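One structure below.
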Amino acid sequence: MNSISPLDNVIKKGLFGNYEGKSDDNLIKINEVKSLLIVQIVQYKNSTFQIKNANIDGLNLTDEALKVKFNNDTRILWCGPKNWLVASNKKNLLESLKRMLNENDFAITDLSHSRTVIQLEGKNSKEVLKKGCPYNFNELKKDICINSVFNGITITIDMTEENPEKIRLYALRSFGESLYHSVTDSTLEFGYKVL
C-alpha cells in the first residue's frame, strides 16, 4: 500500500518569517519526517513478561519515565507505564516485534499511517514550543520524551539532539495540518526554512 503524507499538499518549501539577513544556522528548519514505522507497544497488566528480556533492534524496553532508548535506525519512547512508541526506519521491524512479543503479553499496533511527524531543528526550537505548550522546556534534554499539548493539539515530543536542538513532534494524522500551521505561525518571529 502506498503511503500518502498527511502534509503532502500543505508544506511549501522555502524561507518564511523573519529570515532576512540571517544565516542558515540562525533559522529554524522544519520538515516532515516521512516513511517511519511507528508502532505502539502496550504490555497487559496481567503480563509476567520481564521487559528487560525484550530486544527490539538491539534495544531494550525501559520503565524509566520519559526516557528514550535509541540507535541509528530506531527510537523507543516511553509513553507511560507499560506503554511505548517505537519509531524506526526499518519497515520490517513490525514482523519481528510480533514474533518476539507474545500476543498474550502485549498489544502491538501499527500507527504509521495515523501519525504526522514534524521535526524542528535550530537553536530556538524550544522557544517555538514554549508558545503553545505548558511544559517547562528548560527541563527538556536530549533523549527525553513527553506527552503534552501544543495549542490544544495532543502531541508527543521527542528531543533527538541538543546542539543544534532537534525535536520531533508526533500528532494524530487528522491534526497534522493544524499542527503544522500552528508551529509555523509560532516560528515566524525567528525565521524558518521548510526543507
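What number goes with the only condition from (1) under 22 Å from Glu64 (Cβ atoms); (2) at pLDDT below 95 that Ile167 does not pass?
(2)
If Asn46 meets every condition in (1) in contact (Cβ under 8 Å) with a residue 12 or more places away in the chain; (2) surrounded by fewer than 18 Cβ atoms within 10 Å (Cβ to Cβ); (3) of a type outside the set (Lys, Arg) apart from one, which number is that one?
(1)
Tell me which of these Leu94 doesn't satisfy, since it passes every other one: (1) in the same structural domain as Asn83 (by TED's automatic domain parsing); (2) surrounded by 13 or more Cβ atoms within 10 Å (Cβ to Cβ); (3) over 27 Å from Asp8 (Cβ atoms).
Condition not satisfied by Leu94: (3).
Based on this model, can you work out whether Ile41 counts as closer than 20 Å to Thr116 by Cα, assigned by TED's automatic domain parsing to the domain that holds Lys98, under 18 Å from the mean Cα position of the chain (by Cα) and at pLDDT 95 or above?
Taking the combined requirement at face value, the residue satisfies it.
Based on this model, can you work out whether Val33 counts as more than 20 Å from Asp143 (Cα to Cα), touching a strand residue (DSSP E or B) at 6+ places or on another chain (Cβ under 8 Å) and surrounded by fewer than 19 Cβ atoms within 10 Å (Cβ to Cβ)?
Numbers: more than 20 Å from Asp143 (Cα to Cα): no; touching a strand residue (DSSP E or B) at 6+ places or on another chain (Cβ under 8 Å): yes; surrounded by fewer than 19 Cβ atoms within 10 Å (Cβ to Cβ): yes.
No; evaluated as a whole, the condition is false for this residue.
Can you tell me which residue is farthest from Ile38 (Cα to Cα) among those in segment 136-174 that are in a loop (DSSP other than H, G, I, E, B) and basic (Lys, Arg)?
In this case the residue turns out to be Lys141.
Here's a check for you: in segment 19-33, which residue that is in contact (Cβ under 8 Å) with a residue 40 or more places away in the chain and in a loop (DSSP other than H, G, I, E, B) is farthest from Thr62 (Cα to Cα)?
Glu20
Being closer than 15 Å to Ser35 by Cα, touching a Ser or Thr at 6+ places or on another chain (Cβ under 8 Å) and hydrophobic (A, V, I, L, M, F, W, C) is the filter here; which residues of segment 69-99 pass it?
Scanning segment 69-99 gives Val86, Ala87, Leu93.
Against the conditions (1) farther than 25 Å from Asn71 by Cα; (2) of a type in the set (A, V, I, L, M, F, W, C); (3) in contact with a helix residue (DSSP H, G or I) (Cβ under 8 Å, 6 or more places away or on another chain); (4) without any contact (Cβ under 8 Å) to a residue 60 or more places away in the chain, where does Cys133 fall short? Just the number, please.
Here Cys133 meets the rest and fails (3).
The values are calculated or read from the model by the stated rules, or taken from the named source; none is laboratory data. Just so we're clear, the structure is a prediction, and the values are computed from it rather than from any experiment. Neighbour counts are summed over all protein chains in view; Cβ atoms, including those assigned to glycine, are modelled from backbone coordinates with ideal geometry.
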